1. Among the listed residues 212, 289, 233, identify the single one that is surrounded by fewer than 18 Cβ atoms within 10 Å (Cβ to Cβ), away from ligand 2 (no atom under 16 Å from the Cβ) and within 27 Å of residue 114 (Cβ to Cβ).
2. Report, by residue number, each residue of the range 285-306 that is outside any loop (DSSP other than H, G, I, E, B) and acidic (Asp, Glu).
3. Might you check whether a residue that is of a type in the set (Asp, Glu), within 16 Å of ligand 2 (Cβ to nearest atom) and open to solvent by less than 80 Å² (accessible area, probe 1.4 Å) occurs anywhere in the range 103-117?
4. Could you list, in sequence order, all residues of the range 35-55 that are away from ligand 2 (no atom under 16 Å from the Cβ) and either in contact with a Cys (Cβ under 8 Å, 6 or more places away or on another chain) or of a type in the set (D, E, K, R) (or both)?
5. Name the pairs whose Cβ atoms lie under 6 Å apart, with the first residue in the range 65-92 and among the polar types (S, T, N, Q), the second open to solvent by 20 Å² or more (accessible area, probe 1.4 Å), and 6 or more positions between them or separate chains?
6. Given the structure, is residue 248 in contact with a Gly (Cβ under 6 Å, 6 or more places away or on another chain), within 16 Å of ligand 1 (Cβ to nearest atom), at pLDDT 95 or above and open to solvent by less than 30 Å² (accessible area, probe 1.4 Å)?
7. Out of (1) touching a helix residue (DSSP H, G or I) at 6+ places or on another chain (Cβ under 7 Å); (2) assigned to a loop (DSSP other than H, G, I, E, B); (3) not charged (D, E, K, R), the odd one out for residue 241 is which?
Amino acid sequence: MPVLLFISQIEPAELWKRALERSLPGIEVRVWPEVGPRACVDYVLCWKPPAGVFRGMDNLKAVFSLGAGIDHLSDRRALPEGVPVVRMVEPALTEGMSEYVIYQVLRFHRRMVDYDAQQSRKEWRVLSQVRPCERRVGIMGLGVLGQDAAAKLRVLDFDVAGWSRSEKKIPGVQSFAGAGTLDAFFERTDILVCMLPLTQETRGILNRRHLDRLPKGACVINAARGAHLVEADLLAALDCGHIAGAALDVFHQEPLPTDHPFWTHPKVTLTPHIASLTNPETGARAIADQIARCESGSLPRNMVDFSRGY
Ligand code: NAP
Ligand code: GLV
């Protein structure tokens, strides 16, 4: 019977084990650190696996990430050559991210940050409002998550553009492709949403030079990875009034240190890396489909291309 090893220090392991056993009746599910003989492990499903964990797993058929991002697999060089590494794609993760993005876009669009400040001063004042078709949302990363959020923001009639490596044809969404279009993309964006994978090319991409390209009064939503953002550059842009607000879900250091200025900054709303979470039920079903493919001799879907870094 094939063996799947589940590794995560933060996910509810028992919940996942039960969900995996329901979806994978023909698979033995083990939970780290109860590994058993390492050479008998066929599949690993993991989030931030400890260093050296893959040592001795010489018969691995695939490594599945519990998240959409695979940057947590820093130990992947220890993997046996040619073992596919697979991103998590499952419906609840996609829905959750679009909910988070729509919620934050609407907060900025409807000026809830200003109304919160007014409430704290017991100030009753009506602020000007523009229509969604006059609000330019710019999505960095038009992959599984970015495309879903873009389509849903279009339903709300926002003026949506996206930036990706390759050109996209999404109805009603303007496509900017490649590094050469980044300035033009920033210049047309009132609400910026980052949903990029963390790679050598995208690390630090939300930096002073690029933030300066946004129109004055723009807002920034980072739902991707903390290392996309140069935190000091955002703080400076918020403090000088160039950027009006930021919604941050991810940080260089997580948990965010208690003395970090983001905690108390009046223009920052933050959440503890919960923009979207993989759901054990739907996630387990997605893994079951992938394992069925592997067992029938096909390659899994959503394999990481390490030459691109995502
Ligand atoms: P994906 O399907 O792989 O999409 C990645 C997108 O980014 C693609 O459109 C890709 O362009 C684009 N991209 C990558 N490198 C680029 C570059 N150098 N220049 C321009 N565009 C680039 O990934 P996904 O499933 O949507 O997930 C995206 C990220 O969201 C994850 O990697 C993870 O970091 C983050 N995430 C965060 C949370 C949270 O709770 N905060 C939850 C889930 C995911 P092409 O389409 O041209 O390839
Ligand atoms: C969460 O951060 C993910 O990558 O799914």
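1. 212
2. Matches in the range 285-306: 289, 295.
3. Step one: of the range 103-117, the residues of a type in the set (Asp, Glu) are 114, 116.
Filter again for within 16 Å of ligand 2 (Cβ to nearest atom), leaving none.
No, that holds for no residue.
4. Of everything in the range 35-55, those that are away from ligand 2 (no atom under 16 Å from the Cβ) and either in contact with a Cys (Cβ under 8 Å, 6 or more places away or on another chain) or of a type in the set (D, E, K, R) (or both) turn out to be 38, 42, 43, 53, 55.
5. Once the first residue is among the polar types (S, T, N, Q) and sits in the range 65-92, its partners that are open to solvent by 20 Å² or more (accessible area, probe 1.4 Å) give 65/87.
6. no
7. So residue 241 meets the others, but not (1).
This table checks each residue for (1) away from ligand 2 (no atom under 14 Å from the Cβ); (2) surrounded by 14 or more Cβ atoms within 10 Å (Cβ to Cβ).
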residue: 244; (1), (2): yes, yes
residue: 259; (1), (2): yes, no
residue: 280; (1), (2): no, yes
residue: 301; (1), (2): yes, no
residue: 306; (1), (2): yes, no
residue: 310; (1), (2): no, yes
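The values are calculated or read from the model by the stated rules, or taken from the named source; none is laboratory data. Owing to the predicted nature of the structure, the values given are computational and were not obtained by experimental measurement. Virtual Cβ from ideal backbone geometry, glycine too; neighbours counted across all protein chains shown. Please note that ligands, DNA and RNA were not included when accessible areas were found on the heavy atoms of the full protein model with its side chains. Shrake-Rupley method; radii C 1.70, N 1.55, O 1.52, S 1.80 Å.
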